[in-house]
Amino acid sequence: MSPNTTSQPEFELSLGYGESVVYMEHGYPNALVRWHYHDEFELHYIAATRGKVFVGDYIGEFEPGHFVLTGPRLPHNWISQTHTDEHVAIRDRLVKFDQHLIRDMAKVAPELAELLPMLDRAKYGIEFKGETLDQALTFMRAMRDCEGAAKISLLIEFLLVLAKQTQYHLLSTVSMKSNADDTSLLKVDQVAHFITENYAQQITLSTVAELVGMSESAFSRFFTKATGNGFNEFLNRVRISRACELLANTNEPVTHICFEVGFNNVANFNRRFRRIKQLTPREYREEVQQRLQVVG
């Protein structure tokens, strides 16, 4: 499996002259898939594939129906785990809107102030759950076929729906606002792809520092500033994320999973897992199974 590694990350200028709301869609692989940020809010819906999602300092899993609102300059990326020759026609549906649009409108239409708390939370990234997901896909398709001022009306209507939702969680633990240049974004993207593909192998700080042409000390400082995680913490979060997949979807023993995701010590695996998830691996598996029984 291999994600696209040929894209050149850059600060995105998404809104053209005379536009405050835009709809976009693209497949995978695609040059738009990279570690990046922009000045707009973004509603992002994943239509196909599974893989790793990075939002601020958050690292998790995504699958079809994954739906997130990101705030201005919050770095993010979705890396699909697909076969080398696999191409997906439409993976992402997204709507971007000017960061000042709703706040400025609320100054003359106070009723819109009820949207502001949600927009403030978006600086951490918000993943929505439950019945909202069906509504999100309907909204995206409507925005695709919409033009002019009608896009603003449709956006506000849907944001009001989202603002009332209780099934959501915040992603990043810190409010990150990137001011990185293109070269820095490219380096983060290279490292994220490399770790996503090779997390089960031994990966050292010197290996990834060499990958992006930096000394170990310089890379360590740079990476922490750019992602909100130290390199080892970032690597452990990717490994624990994969372990959660295996615990939830297989009957493999915990000890096997430990080594499969790249840890070489069960005690260290348990300790790292508990620190990130506040549960032991066995407790996590039991909780997932209980949830599935309730749903069933």
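Descriptive notes on the structure:
- Candidate set: segment 115-158, residues that are among the hydrophobic types (A, V, I, L, M, F, W, C) and either part of a loop (DSSP other than H, G, I, E, B) or touching a Gly at 6+ places or on another chain (Cβ under 6 Å) (or both); chosen: the one surrounded by the most Cβ atoms within 10 Å (Cβ to Cβ): Ala122
- Qualifying residue in segment 75-85 (condition: aliphatic (A, V, I, L, M), surrounded by fewer than 20 Cβ atoms within 10 Å (Cβ to Cβ) and either in the same structural domain as Arg34 (by TED's automatic domain parsing) or at pLDDT 95 or above (or both)): no
- Candidates Thr166, Thr183, Thr207: the one that is of a type in the set (Ser, Thr, Tyr), surrounded by fewer than 16 Cβ atoms within 10 Å (Cβ to Cβ) and either assigned to a loop (DSSP other than H, G, I, E, B) or touching a Lys or Arg at 6+ places or on another chain (Cβ under 6 Å) (or both) is Thr166.
- Within segment 211-229, the set of residues being closer than 15 Å to Tyr58 by Cβ and not hydrophobic (A, V, I, L, M, F, W, C) comprises Thr227, Gly228, Asn229.
- Within segment 253-267, if we keep just the residues that are within 27 Å of the chain's Cα centre (by Cα) and under 22 Å from Thr196 (Cβ atoms), the residue that is surrounded by the fewest Cβ atoms within 10 Å (Cβ to Cβ) turns out to be Phe259.
The values are calculated or read from the model by the stated rules, or taken from the named source; none is laboratory data. In this text, all values refer to a predicted model and were calculated from it rather than measured experimentally. For neighbour counting, all protein chains shown are included, and Cβ atoms are generated from backbone atoms with ideal geometry for every residue, glycine included.
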